[in-house]
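Written below as C-alpha cells is the structure these notes are about.
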Amino acid sequence: MNGKNRLAIYTGAFLMFLSFLFERCVSSRETLISPYTSIPSPVDNELTQDKIDLGRKLFFDKRLSRNETVSCSSCHLPEFAFTDRKKVSEGIEGRKTERNSPSILNSAFLKTVMYDAHLPTLEMQVIVPIQEHTEMDMNMPELIVRLKNIPEYQQAANKIFSRDFDPWVLTRSIAAFERSLISANSRFDQFYYQKDNKALTASEKRGWKLFSEQLYCVKCHPAPYFTTFQAENNGLYESYISINDKGKYRIDNDSNNIGKFKIPSLRNIELTFPYMHDGSLATIEEIIEHYSKGGKKNKLQSQTIVSFRLKPSEIRDLKLFLFTLTD
C-alpha cells in the first residue's frame, strides 16, 4: 500500500471522527482495578458492561470485513495475549500487512495508538484496520448499513447509546471492549506490588535485578506498563534505505523519525513471539543478542542502546524474569 493511500485512510478516519466528535476526549474518569493501576476512559465513552459486551461481539464478528472472513480477533487472539504469532499479520484474501500484530492488552493506558504513535484514541484506531485495504478492506458506510440491519446490533445501539447503529456506536463499543482487557496479575505483579516474596524464584529475582539495575532495560520498559509509550529507533536495521516501512517517518515525513516505532510493552512477552514491529526476531535470545551488541548502529538509533555482556547463566535469569510478566 502506497503512502498516499495510507494517508488517505488515516485522514478519512480523522475526518469521520470529526463528524461525530464535537469535542475530543481530553479528560477521563478512572475506575480502580488494582492497587497500582486504573482504567482511564474518555468522558464521552465511560466504561459500562453493556458497551463492553457489545464491543466483544463486534470484535469477534467477521462481518466487519468485506468478504466476511476476517475479524479484529483474527490478528488479536486471546490465547496469544491478543496477538497472532505471525511474522506479519494477514488480512482478507491472505493479504500481508507490513507489521507484526501487537498485543492490545492494557491498551487503555496507551498515550497514543499504532506503531507510529500518532493516533490519540482507541476510538480512532478502530476505523483504520476496517478500512485498510490489506486488512478488512471495508467501506465504512456499507459496513454501517450491514451492521444496522442485524437486529441484535441495532437493538443494542438503541438501548446503550439511544441512537441507531452508526460509526459512533461501532468505535465506542469496540474501544470499550479493548479497554477492559487488563493484564495486571502476573507473578511479577504478585512479587513487586503485592509483596509476595515467594512469587519469584531466586533465578527470576536475579533476572529482575539485571533488568532493573544493571542493564538499561527500564529506560524504555519501566514498570508497571513496561513501556514508555514513546516511539524510538532501536537500531533494528543499520539503514532503512532499502526498508519499505520506515516507521513514524511515513506519517510526518520527518527524516528524524525514520526507523522510529512505538516501544511495545513486555508484558506477556512469553506468548507474543515473533518480536519487533516486523516480526524479524523469533526468540527472546535473539532480542537479548541484538541489544547486547548495541543494536545495528543506525545513525538515528536511540542513545540509550549500548553494548553489554552477559554470561549464559545471566541470559537464562533475564529470560526467566521476562516470563514472570505472563499474566
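Distances between placed amide hydrogens fall under 5 Å for residue 77 paired with 82, 83, 84, all partners being 5 or more residues away or on another chain. Once each part is reduced to its C-alpha centroid, what is the distance from region 194-222 to region 295-327 in angstrom? Spelled out, the Cα-based centre of one part sits 13 Å from the other. Which translational diffusion coefficient, to the nearest whole µm²/s, is obtained for the chain from the Stokes-Einstein equation, given a Kirkwood hydrodynamic radius over C-alpha pairs, 20 °C and 1.002 mPa s? Rounded to a whole number, D works out at 103 µm²/s. A cut-off of 5 Å between modelled amide H atoms, ignoring neighbours fewer than 5 places along the same chain, links residue 279 with 100. Here the relative contact order of region 112-268, from alpha carbon pairs under 8 Å that lie six or more residues apart, stands at 23 percent. Residues in region 171-180 carry Karplus couplings, in order, of 6, 6, 5, 5, 4, 5, 4, 4, 5, 7 Hz; the curve used is 6.51 cos²θ - 1.76 cosθ + 1.60 with θ = phi - 60°, and Gly or Pro positions show x. Sequence-distant contacts, meaning Cα pairs under 8 Å at least 6 residues apart, place the relative contact order of the chain at 19 percent. Computed from the C-beta positions of residue 289 and residue 166 and an R0 of 56 Å, the FRET efficiency is 0.70 to the nearest 0.05. For the residue pairs 195/296; 57/248; 219/297, alpha carbon separations beyond 29 Å are given by 195/296; 57/248. Couplings for region 102-110, taken from phi via the Karplus curve 6.51 cos²θ - 1.76 cosθ + 1.60 with θ = phi - 60°, read x, 5, 9, 4, 6, 5, 4, 8, 5 Hz in order; Gly and Pro are left as x. For region 206-327, the orientation-averaged shadow of the C-alpha convex hull comes to 7.3 nm² (one quarter of the hull surface). The separation of region 97-147 from region 223-262, counted between C-alpha centres, amounts to 19 Å. In this structure the amide hydrogen of residue 247, modeled in the peptide plane, comes within under 5 Å of the amide hydrogens of 259, none closer than 5 places in sequence on its chain.
The numbers here are math on the coordinates, done by the rules we state, and not lab data. The structure displayed is predicted, hence computed values, not measured ones. With ideal geometry, Cβ positions are generated from the backbone for all residues, glycine too; neighbour counts draw on all protein chains shown.
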